[in-house]
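Okay, structure first, notes after.
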Amino acid sequence: MMSGDQEQRVMLLTGASRGIGHATVKLFQSRGWRVLTVSRQPFDERCAWPAARMAHIQADLADIGKIDELAAEVRRRLPNGKLHALVNNAGISPKGPDRSRLGVAQSDAAVWTQVLNVNLVSTSLLVRALLPELEAGQGSIVNVTSIAGVRVHPFAGVAYACSKAALAALTREFAHEFGGRGIRANAIAPGEIDTSILSPGTDELVRQEVPMGRLGDPMEVAETIHFLCSPASSYVNGTEIHINGGQHV
């Protein structure tokens, strides 16, 4: 609990194992939030974050039949049944041989099913399952889309791009359907962010396409997520914020 009568705010973040997810957990914890994380990877014993083991939930979002089970575990860990923020950061982008981009001709039904389940369908089902807790907490939903959702990207496959475009549409649907219940929904669309999963050739892409001429820092993304989960954005609903140094213009 926080000092006085102020309760500690709780965030659930999917896709917490690296990059933007790591930075977001660190930032929210530094500002007094309790963070629950979801990843398909087991808890890493090398993790030095306080209470990280108790905060971690291992779940594979590709298995959409187990979303209700995941939600039940989240519910069990919530104090007072309130969830103040849900950040849907989990996402996959399968590659071909030598990390090549998977276009339409290279993307079979299995690729489409896996990508859409992780990047889109699981998000909708998780929000659906946790609606009572989000409403009790007057929560904020933040969906992590991508610049690949608004333009063809040289490294992002077709299934990934379509899933992120659809996630932006789903964000608008959330905002429209749940705004009256005190739940806000917004999206962030990162561009080239300095993480461990950058593709070869990113440096040249940044030089050619990013007006600011540099990669983004994961903490810059985390700060925007925090803004969307804070009272400072209390009248922001149904928007998608581009975090790409002007790459989308």
Those aspartates and glutamates that a straight Cα-Cα span of less than 16 Å connects to Lys95, excepting residues fewer than 8 apart in one chain
Asp108
Which three extents, in whole angstrom, do the alpha-carbon atoms of the chain cover along their principal axes, largest first?
53, 42, 39
Principal axis lengths of the range 98-188 from Cα atoms, whole Å, largest first?
47, 24, 19
Alpha carbon centroid spacing (whole Å) that separates the range 159-173 from the range 203-241
17
Please state the Cα pair-distance histogram of the range 122-249 with 5 angstrom bins from zero: what percent is in each bin?
2, 11, 19, 21, 19, 13, 9, 5, 2, 0
Scoring the chain by relative contact order with C-alpha pairs under 8 Å, at least six apart, yields a percentage of 20
Modelled label-to-label distance, Asp217 and Lys66, 7 Å Cα→beta-carbon offset: nm?
3.7
For the range 20-165: relative contact order, % (alpha-carbon pairs under 8 angstrom, 6 or more apart):
27
Could you give the nm distance between label points at Arg31 and Gln6, where each point is 7 Å from its Cα heading toward the beta carbon?
1.2
What is the helix-to-structure angle for 218-228, meaning the angle in degrees between its Cα long axis and the longest Cα principal axis of the chain, kept from 0 to 90 and rounded to the nearest 10?
50
If the chain between Gln208 and Gln41 were fully extended at 0.36 nm per residue, the gain over the current Cα-Cα distance would be 56.6 nm
With a cut-off of 8 Å between alpha carbons and a minimum separation of six or more residues, what is the relative contact order of the range 48-123 in percent?
45
Taking only Cα atoms, what is the 0 to 90° angle, nearest 10, from helix 19-30's long axis to the longest principal axis of the chain?
30
In degrees, nearest 10, the alpha-carbon axis of helix 158-178 is tilted away from the dominant principal axis of the alpha carbons of the chain by 30
Quick check: pseudo-label points 7 Å beyond the Cα along Cα→Cβ at Ala136 and Trp112, how many nm apart are they?
4.0
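Coordinate-derived values only; no laboratory data. Since the model is a prediction, treat every value here as computed from it, not as a measurement. Positions of Cβ are generated from backbone atoms using ideal geometry, with glycine treated the same way; all protein chains shown enter the neighbour counts.
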